[in-house]
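Read the structure below first, then the notes.
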Amino acid sequence: MGSRSTLINDLSIISRCRLFLPRRARNAGSCKNHNLVDKRFNSGVPPSTVSSRHFYQNEKLLEFSARSSRPVSLRQLAFFGMKLTNEKIIQSANFVRQELPTRMAHRIHDMQSLPYSIVQNNHISNVYELYYHSFNTIRRFPVIKTIEDNSRFCDLLRELLAQHTAVIPQLVMGVIECADLVDSKRMDNFMDSMLRSRISRRVLTEQHIALTEEFLKDPNFKPTEQVGQVFFQCSAADIVRQCDTLARSLTQSIHRDIPLPELLFEGDVETKFAYVATHLRYMVGEILRNTFEASSERYKATGDPLSPVLVTINDAPQHVTFRFSDRAGGIPQEIVPYLWSFVKGPRSMIRHHNFKQVPELEAIVEELEASLALAMGQRKRISSLTSLTTRSPTLRLGMGLPMSKIYAEFWGGRIAVKSIEGFGCDVFLHISKLGNESQFVQMNNI
C-alpha cells in the first residue's frame, strides 16, 4: 500500500483525465442510504458513487487507505476469548470498529487502481458502492463505551453482513466480463486480495459477534470446546464424514440412479486440532462435491464399477494433511492451466451464466442462512452444513478450488492437485496447526 503522498501524486495525474469521462460519471452524486445500494445490486444502473470526483478525490478514503491494519493471528483470536469481561468486549468492539474501515479502504483503493472502465462494469461498481457504504457507515460509528453501545454496534454489523451476501458472485461475474480489458493475472491477483480481505473482515466481525453473544448469555462462561468461531477439537475424520453425507446427498438429488463411491479412511483418523471449523468444512465439502460429480459422470460414460475414494489423514508436528484419492477420470487437459483462475478458462462463459442464477452465494456457506435468519428477526447462527443444500450441483461455478486455495493459504496451509487424465485425482489439503504457522499468519494489509 502506498503512502498518502504517493496517493496524492497519483490523484493529480488521474484527476486530469476527468474531462474525458462521460457526463453521467462527472455529475453523479454519492449514495445516501443502504436501500439504494440494495436496489442497485439487482439493477443494470451503475452506482452513483462511481464518479470521478468521488472516486479519486475522497480525502477520507485516502486517509484510511494510508493506514496499516493491525495484525491478528488465529492463536490471538482463540486466547483473547478464553475469559471475557465488560472491558474486553468493549476493547474488541473498538478494535473491530477501527479495523473494518481501514481494511475496506485498502480494497476500495485496489478497485481505484484498476482501469476506470473496469470499475464502471455494473457488477464491480455495485461492489464498490457497497464497500463505500459500509466503509462510511462503520467509520462514523461513535466510540463504544458501554455494553449497550456494543449491542447497537453488533446489530449494525449483522445488517452489513447480510448486505454483503452477493459480493462474491458480483465480483466473479465482473472479472469474467472484464477479462479482455486487462491482463488475466492482474485480475486474478485482484480477486485474491479482495477475497483474502473479505475472509479477514468476516473472521473479525463474526468472532466479535460470537464473543458478545456468549458473554451476554453467561458473563462467567469458560469455553471448553470453542471460542467464538475457533474450535479447539476439530476432528479430522468427523469433518470429512459430515461433508461426505451432505455432498453425497446433494449429488444424488440430481443423479438419482447413479451409485457414488464410498470413502475409505487410513492414517491418523483420530486426529483433532484447533481451527475455524466453517473454513475446513467449506474446503473439504468442495473437494468431495468435485469428486462425486466427476464419479457420476464417469459412471454414466463407462458403466464401470466405481473404486472407493481413499481419504488419508496424516498428523505431522506442524500440519494436518488430508489426501483425497479418487479414480474418477482426472481433469481434462484443457482445464488444468486454469484450475486456480477466477477469470480465464474454456468454461468461463458457462460459469458466468450460472452465477447469474445464484443471487446469494457465500464462500463461508452458512452466511446465506444467517442472512435469512436475520430477515426473520432471528439472531442465532445456523450451521454451515445445512446451507450446502441451497446450491445445486447443476450450477458449475468453477470457484471451489480457487476459493479453497485462498482459505487454506489464509491460515498458513495450502492445497494441491495431481491429476492423471483418464484415471483420477489426488487432492492434498495441508492445514497448519494452531500455534505453528498460523501463529505467524497475521491478518494485516488484507
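Since every read-out is calculated from the coordinates, none of them should be taken as a lab result. Being a predicted model, the structure only gives us computed values, none of them experimental. As a convention, Cβ positions derive from the backbone with ideal geometry for all residues, glycine included, and neighbour counts pool all protein chains shown.
A few notes on this one:
- Here Thr251, Thr146 are placed in order of increasing Cβ neighbour count within 10 Å, fewest first, which gives Thr146, Thr251.
- For a modelled paramagnetic label at Glu225, 7 Å from Cα along Cα-to-Cβ, the residues of the stretch 257-291 in reach, with backbone nitrogen under 20 Å, are 270-282.
- Each residue in Ser325, Ser117 was given a count of other beta-carbon atoms within 10 angstrom of its own, and listing them fewest first yields Ser117, Ser325.
- Computed from label points 7 Å out along Cα-Cβ, the spacing between Val182 and Asp218 is 5.0 nm.
- Asp426 paired with Glu334, simple spin-label distance in nm, labels 7 Å along Cα-to-beta-carbon: 2.8
- Direction-averaged projected area, Cα convex hull, the stretch 167-271: 11.3 nm², rounded to one decimal.
- The reciprocal of the average 1/r between distinct C-alpha atoms defines the Kirkwood hydrodynamic radius, which for the stretch 107-245 equals 17.7 Å.
- Each principal axis of the Cα cloud of the stretch 84-185 was taken in turn, and the coordinate range along them, longest first, works out to 53, 22, 22 Å.
- Based on the Stokes-Einstein relation at 37 °C and a viscosity of 0.692 mPa s, and on the Kirkwood radius from alpha carbon pairs, the stretch 99-153 is assigned a translational diffusion coefficient of 262 µm²/s.
- Pairwise label distance in nanometres, Glu266 with Gln318, each label 7 Å out on the Cα-Cβ vector: 2.7
- Mean projected area of the convex hull spanned by the Cα atoms of the stretch 193-238, taken over all viewing directions: 4.2 nm².
- Sorted largest first, extent of the stretch 253-309 alpha carbons per principal axis (Å): 42, 23, 14
- Rounded to 0.05, the FRET efficiency of the Asp257 and Leu156 pair, given R0 = 35 Å and the Cβ-Cβ distance, is 0.10.
- Computing FRET efficiency as 1/(1 + (r/R0)^6) for Glu63 and Lys145, where r is the C-beta to C-beta distance and R0 is 30 Å, gives about 0.80.
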